[in-house]
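Structure first, then comments.
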Amino acid sequence: MSHKYVYLFTEGNAKMRELLGGKGANLAEMTNIGMPVPQGFTITTEACTKYYEDGRTINDEIMAEIMKNVEIMEQLNGKKFGDLQNPLLVSVRSGARASMPGMMDTILNLGLNDDVVAAMIQGNPDPKFERFVYDSYRRFIQMFSDVVMEVGKKYFEQLIDKMKERKGVTFDVELTAADLKELAEQFKAEYKNQIGEDFPSDPKVQLYEAIRAVFRSWDNPRANVYRRDNDIPYSWGTAVNVMPMVFGNLNDNSGTGVAFTRDPATGEKKLMGEFLTNAQGEDVVAGVRTPMPIEQMAEKFPEAYAEFIDVCAKLEEHYRDMQDMEFTVENGKLFMLQCRNGKRTAQAALKIACDLVDEGMIDEKQAVLMIDPRNLDTLLHPQFDADKLKAAAPIGKGLGASPGAACGKVVFSAEDAKEWAANKEKVVLVRLETSPEDIEGMKAAQGILTVRGGMTSHAAVVARGMGKCCVSGCGEIRMDEENKEFELGGKTFREGDFISIDGATGRIYDGVIPTVDAQIAGEFGRLMAWADKYRRLQVRTNADTPHDAAKARELGAQGIGLTRTEHMFFDEDRIAAFREMICSDTVEERVAALAKLEPMQQGDFEGIYEAMEGLPVTIRFLDPPLHEFVPTEEEDIRALAEAQGKTVEDIKAIISSLHEFNPMMGHRGCRLAVTYPEIAEMQTRAVIKAALAVQARHPEWTMVPEIMIPLVGEVKELKYVKDVVVKAADAVLAEAGSDMKYKVGTMIEIPRAALTADDIAKEAEFFSFGTNDLTQMTFGFSRDDAGKFLGAYYDKKIYENDPFARVDQTGVGKLVAMAAKLGRETRPDLHLGVCGEHGGDPSSVEFFHKVGLDYVSCSPFRVPIARLAAAQAAIKDE
């Protein structure tokens, strides 16, 4: 045998997840520790990969190995496929390495056909048994048609409903054996009508088709979207589990259930679960009938229940984590069909991790590794009421750009958002896309919904910084801003209509869904303290206001890695002075306008320094192109002309002269300071004066301001701007008679800067990687437009995920690693950080840990995520 593609449950164990998938590995592990598991086999993930390599067919060699294992399974269970005396019936389930909702549903009772059904009934004259056999048969036809042949469920549901109506009954269980027999015939006729051929009666053909269907489901749209959202590579593939059926629908002494060893919603240590008598697995999950709480199973099946309680304790002790289990009782005997580490809410995850440490089951490091950092988001933001959310159907979906839940009246402009909010109205701001002047409206809104833009669009980045819920890039919306209305899901929404948006999932709902506020429990603090104990990377925040800085401090930030100075110029009292500076004809006029802004900038910086209590603060000098600051409305243009003593035509000429074909690569960043050094001079004076003022108020702090020059691509360019900064800073310090230290560094966001980092480090005292721009420039696509075509790239498996949300380690990552190495060769004490949105993405944080950066910086609400991810990276490294 050249390669083994099939493993019996007795041949595997829990460590073989990559090969056997989660379900297969756990079935093998349960078999090894003596649990009552029906004995079958697992077809490996490698067979799935091979299926795709071979053009979506299962080759003869693998099929022969499967059939050989079917024979072993027949011997182990004393039954045979298609045998009329003692037929073997099996279930077929998918099982990838990671739990994947949206993968193929289970197929039960495979192996039934007309002859087997007739033979089974002949062998047992009990009329209840006859009903059971026909019930199993109609279920199998329905599942096989739906799951394997992709004939919709609805056709069969309609036939069942018609039958119940005809017989005057409400529940499936009330249908007789004769009714079910007739349904099975109707189902087969419907199958032939839909597919054009007879329902397959050969169990081997049924099995082959079912296995193919599992492999095929690895590439269905649901699975692809889930994989992209959860970091699961396409190359993993899924395994297939084939096991003998045990029947919970055999009689009233049988049943089926699902249980958790602890409460998945709260984490409380008590058995939670549900049980249905005379039913098959999918009845519990599908909610067709109302199950009873697991405790009542003790009265129905005392022996099986006692054994089950024992199994639960053993499994939790063995896996040292909360278990989610599926089981069946057949004729009073217990069988375990699945166990896995249970999915849980973020609150429950923290409580379970802390309880397991207290119970001596795991240590602190294992507790830190147990929590998915991305789930912490939900603890920090309002959420929808879970029960109300279940009952609501989404009308559309965009990208979940900033987590949280928001519900309010639709408004279409930032001004309206501010005005309505001032009148105590809750609003959701709906825009084609947002721009910097929308900031105040975004602040006033409960949440933001945009038609365009990706995970690093303006709306997404700003919303994450504010901790505001945001859904971006919902391209299904037909927007009519002029008439203040949009169309979505077949309905027209006008100003003042209620909508609800979920920033975690990207789903949009019509009407009001109540929200509940975030709660941070004591376990959160405990787990974070453990994370801080084991991590090496520092975690700073990106904050532009004292309010954001204070919030980040509260969430554990150790400094500020990025303060964007441009957001400060959009306030009404400042934009006029800034526009005056833009419209100046001479250096003197420009300096006079900047002089009005200097005390305002100084005040901003003092507020941020105060909020950070002496921790390091990196201030980035003006970055965006000037056209973002000029007016677009006629009346604003007129007002500016009057203030400047110019004609409207003059102002319009200035505005059009600022227009650029590609502003992201245009006159911005340090290029502004090269053209207008007086901007850098003013900003330097504001930074140093603010630091001196705060130092005087707090002698116990050591203020070392960090000035960051953006968008450098050439060392001479950095030297020119640095000389301007140093001259201005030294003049202020000399005047104050102070020997305060300060640092001048740069952002590495242009590939050329990364490639020449050894030169740039001669002038820069620190590097901060601006991975948003670095990604944009390395891939050569604009982050605001990429959303339009990236979908096609995901579908065609060219990219597996959004490079703006998760750092591209192969390309962009290589530039980061290279710049870090080259920079430190020139300047061994070079301080290295990252301040792009990737600083809050767990898989990116792990990468930054590996390449030796000193800190990551992210939006305030992502600080806990980065702290936990940094700890996990350090623990894995050990």
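Of note:
- Test result for F171, under 30 Å from V37 (Cβ atoms) and surrounded by fewer than 18 Cβ atoms within 10 Å (Cβ to Cβ): no
- Each residue in segment 58-101 was checked for being outside any loop (DSSP other than H, G, I, E, B), open to solvent by 30 Å² or more (accessible area, probe 1.4 Å) and closer than 18 Å to N113 by Cα, and 1 of them qualify.
- Residue ID - least open to solvent (accessible area, probe 1.4 Å), chosen from residues in segment 315-326 that are of a type outside the set (A, V, I, L, M, F, W, C) and in a helix (DSSP H, G or I): E316
- Selection status of D219, within 29 Å of D372 (Cβ to Cβ) and in a loop (DSSP other than H, G, I, E, B): yes
- Residues that are in contact with a Ser or Thr (Cβ under 7 Å, 6 or more places away or on another chain) and open to solvent by 30 Å² or more (accessible area, probe 1.4 Å), drawn from segment 124-163: R131
- Exactly one residue out of G473, G453, G506, G441 is within 18 Å of R783 (Cα to Cα) and touching a Leu at 6+ places or on another chain (Cβ under 7 Å), and it is G473.
- For L830, the conditions (1) open to solvent by 30 Å² or more (accessible area, probe 1.4 Å); (2) closer than 20 Å to L711 by Cβ all hold with the exception of (1).
- Yes/no for G453 being crowded, with 24+ Cβ neighbours inside 10 Å, within 19 Å of R494 (Cα to Cα) and not hydrophobic (A, V, I, L, M, F, W, C): no
- Taking segment 672-719 as the range and being open to solvent by less than 10 Å² (accessible area, probe 1.4 Å) and more than 41 Å from the chain's Cα centre (by Cα) as the test, only M682 passes.
- Residues that are among the small types (G, A, S) and farther than 20 Å from D502 by Cα were ranked within segment 422-448; the one that is surrounded by the most Cβ atoms within 10 Å (Cβ to Cβ) is S435.
- Of all positions in segment 806-818, at least one carries a residue that is at pLDDT below 95 and closer than 19 Å to A460 by Cα.
- Only one of the numbered conditions (1) crowded, with 20+ Cβ neighbours inside 10 Å; (2) of a type in the set (V, I, T); (3) closer than 30 Å to D723 by Cβ is violated by I651, and that is (3).
- Segment 598-609 residues that are over 14 Å from I688 (Cβ atoms) and open to solvent by 40 Å² or more (accessible area, probe 1.4 Å), paired with ones that are part of a helix (DSSP H, G or I) and not aliphatic (A, V, I, L, M) (beta carbon under 9 Å, 6 or more apart): M600/F569; M600/D573; M600/R574
- Per the listing E157, E165, the residue uniquely within 25 Å of A118 (Cα to Cα), modelled with pLDDT under 95 and either of a type outside the set (V, I, T) or part of a helix (DSSP H, G or I) (or both) is E157.
- Hey, G645 closer than 27 Å to K719 by Cα and either out of contact with any Gly (no Cβ under 9 Å at 6 or more places or on another chain) or among the aromatic types (F, W, Y) (or both) or not: no
- Test result for K23, surrounded by 21 or more Cβ atoms within 10 Å (Cβ to Cβ), under 33 Å from the mean Cα position of the chain (by Cα) and among the basic types (K, R): yes
- Restricting segment 456-476 to residues that are open to solvent by 10 Å² or more (accessible area, probe 1.4 Å) and assigned to a loop (DSSP other than H, G, I, E, B), the residue that is modelled with the highest pLDDT is E476.
- Yes/no for A279 being touching a strand residue (DSSP E or B) at 6+ places or on another chain (Cβ under 6 Å), of a type outside the set (D, E) and closer than 28 Å to K153 by Cα: yes
- Pairing each residue of segment 548-569 that is at positive phi and open to solvent by less than 30 Å² (accessible area, probe 1.4 Å) with any residue that is among the charged types (D, E, K, R) and assigned to a helix (DSSP H, G or I), provided the two are 6+ apart or on different chains, yields C-beta distances under 7 Å for G556/R867.
- Residues of segment 254-283 satisfying the condition of being modelled with pLDDT under 90 and in a loop (DSSP other than H, G, I, E, B): D263, P264, A265, T266, N278, A279, Q280
- Leading residue by the ranking (farthest from the chain's Cα centre (by Cα)) among those in segment 185-218 that are within 20 Å of M63 (Cβ to Cβ) and charged (D, E, K, R): D202
- Selected residue (criterion: least open to solvent (accessible area, probe 1.4 Å)) from residues of segment 483-497 that are at negative phi and in a loop (DSSP other than H, G, I, E, B): D497
- Qualifying residue in segment 521-531 (condition: open to solvent by 50 Å² or more (accessible area, probe 1.4 Å), of a type in the set (G, A, S) and touching a strand residue (DSSP E or B) at 6+ places or on another chain (Cβ under 7 Å)): no
- Test: residue in segment 794-807 that is within 25 Å of the chain's Cα centre (by Cα) and at positive phi: yes
- Against the test of being open to solvent by less than 20 Å² (accessible area, probe 1.4 Å), without any contact (Cβ under 8 Å) to a residue 40 or more places away in the chain and of a type in the set (D, E, K, R), the options D785, D841, D808 yield a single qualifying residue, D841.
- The set of residues in segment 732-742 that are open to solvent by less than 70 Å² (accessible area, probe 1.4 Å) and within 49 Å of the chain's Cα centre (by Cα) comprises V732, L733, S738, M740, Y742.
- Matching strands (runs of 3 or more DSSP E) fully within segment 327-426 where at least 3 residues are over 30 Å from T515 (Cα atoms) and of a type in the set (A, V, I, L, M): 333-341
- Every condition in (1) assigned to a helix (DSSP H, G or I); (2) surrounded by fewer than 21 Cβ atoms within 10 Å (Cβ to Cβ); (3) in contact (Cβ under 8 Å) with a residue 12 or more places away in the chain is met by E29 except one, and the failing one is (2).
- Test: residue in segment 195-205 that is part of a helix (DSSP H, G or I), under 14 Å from S145 (Cα atoms), open to solvent by 70 Å² or more (accessible area, probe 1.4 Å) and without any contact (Cβ under 8 Å) to a residue 24 or more places away in the chain: no
- Out of K814, K797, K876, sole residue that is surrounded by fewer than 23 Cβ atoms within 10 Å (Cβ to Cβ), in a helix (DSSP H, G or I), in contact (Cβ under 8 Å) with a residue 12 or more places away in the chain and of a type in the set (K, R): K876
The values are calculated or read from the model by the stated rules, or taken from the named source; none is laboratory data. As the structure is a computational prediction, the values presented were derived from the model and not from experiment. Neighbour counts are summed over all protein chains in view; Cβ atoms, including those assigned to glycine, are modelled from backbone coordinates with ideal geometry. Side chains included, ligands, DNA and RNA excluded: accessible areas come from the protein's heavy atoms. Shrake-Rupley method; radii C 1.70, N 1.55, O 1.52, S 1.80 Å.
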